[in-house]
Amino acid sequence: MAVEIGWRLERETMNPSCGRLVNVYAISRREHEEPQEDHGVSQCEALRFRPGGSGRLSPDIIRADREQTMEDGGLGQVPERSADWMRQADLDLSQATDSLRLAHYEWACYAAEQAAEKAVKALFQSFNLDAWGHTISILLTKLPADVIPEQELIDGAKVLDKHYTLSRYPNGFDSGAPGDLYTKGEAETAVKIAGEIIAFCKNHLR
């Protein structure tokens, strides 16, 4: 059985503006085997491309379902690169600390969020898992049962989750730029929480 992995665009038949990119696992079976049933993952009609073919619609051997990856919390098996992810987490935390010192409080909060997120993804990598998404508090609850942290750390992650968008975009507020509205106290808290999450992740690396 040959597996071809790629990306395609789903579009609703009656409404071409309805579309999204999804990961495709195209499963090609031997000719004497029955084609695998298509499991759609959206209300849009999928454009199904035959592996190695012309790109014409082919609903027979394509399965548009990332093997229940998203149902399992957005996790999939990947090569182990936890050291790379953790190194970048440390660099992001250093950037957060520098931004705090320079009174760039919104950027300190965003860098702190990034540091914690990458540390959590490093932890997943150490289990040969890949974590999809940016909501740190949810990712922490998707860790193996014996590694899930206490609620206090998850609540701290929720503080960082709020900074993923608000710290960067003015349209998160009625008026004013994030740099006008973020405070030193918020930045100090974000850097502290990020450090705690990084320490937790480092202590649980496999």
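The values are calculated or read from the model by the stated rules, or taken from the named source; none is laboratory data. Quantities reported herein were computed from a predicted structural model and do not represent experimental measurements. Here the Cβ positions follow ideal geometry from the backbone for every residue, glycine too, while neighbour counts run over all protein chains shown.
When you look at D180, is it outside any helix (DSSP H, G or I), out of contact with any strand residue (DSSP E or B) (no Cβ under 7 Å at 6 or more places or on another chain) and acidic (D, E), yes or no? Break it down into steps so the answer makes sense when it comes.
On the way: outside any helix (DSSP H, G or I): no; out of contact with any strand residue (DSSP E or B) (no Cβ under 7 Å at 6 or more places or on another chain): yes; acidic (D, E): yes.
Considered against the rule, which asks whether it is outside any helix (DSSP H, G or I), out of contact with any strand residue (DSSP E or B) (no Cβ under 7 Å at 6 or more places or on another chain) and acidic (D, E), D180 comes out as no.
Sort out which residues of segment 167-178 are hydrophobic (A, V, I, L, M, F, W, C) and at pLDDT 95 or above, and write them in order of number. Talk me through it step by step, then tell me what you get.
Of the residues in segment 167-178, the ones hydrophobic (A, V, I, L, M, F, W, C) are 173, 177.
Of everything in segment 167-178, just one residue is hydrophobic (A, V, I, L, M, F, W, C) and at pLDDT 95 or above, namely A177.
Of all residues in segment 99-116, count the ones that are touching a Phe, Trp or Tyr at 6+ places or on another chain (Cβ under 9 Å) and without any contact (Cβ under 8 Å) to a residue 40 or more places away in the chain.
Final tally of qualifying residues: 1.
Yes/no per residue for (1) modelled with pLDDT under 95; (2) over 19 Å from D92 (Cβ atoms); (3) buried (at least 19 other Cβ atoms within 10 Å of the Cβ):
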| residue | (1), (2), (3) |
| --- | --- |
| L123 | no, no, yes |
| G133 | yes, no, no |
| T141 | no, yes, no |
| E152 | no, yes, no |
| V159 | no, no, yes |
| D180 | no, yes, no |
| T183 | no, yes, no |
| I198 | no, no, yes |
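A157 versus (1) in contact (Cβ under 8 Å) with a residue 24 or more places away in the chain; (2) over 18 Å from the mean Cα position of the chain (by Cα): which is the lone unmet condition?
It fails just one condition, (2).
Kindly evaluate E152 against the criterion of being of a type outside the set (V, I, T), within 15 Å of K192 (Cβ to Cβ) and under 15 Å from the mean Cα position of the chain (by Cα). Step through it out loud before you land on a result.
Values: of a type outside the set (V, I, T): yes; within 15 Å of K192 (Cβ to Cβ): yes; under 15 Å from the mean Cα position of the chain (by Cα): no.
For E152, the condition - of a type outside the set (V, I, T), within 15 Å of K192 (Cβ to Cβ) and under 15 Å from the mean Cα position of the chain (by Cα) - is not met.
Condition check ((1) within 18 Å of T183 (Cβ to Cβ); (2) touching a Cys at 6+ places or on another chain (Cβ under 7 Å); (3) modelled with pLDDT under 90) across all residues:
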{"residue": "I62", "(1), (2), (3)": "no, no, yes"}
{"residue": "G73", "(1), (2), (3)": "no, no, yes"}
{"residue": "S82", "(1), (2), (3)": "no, no, no"}
{"residue": "D92", "(1), (2), (3)": "no, no, no"}
{"residue": "Q95", "(1), (2), (3)": "no, no, no"}
{"residue": "R101", "(1), (2), (3)": "yes, no, no"}
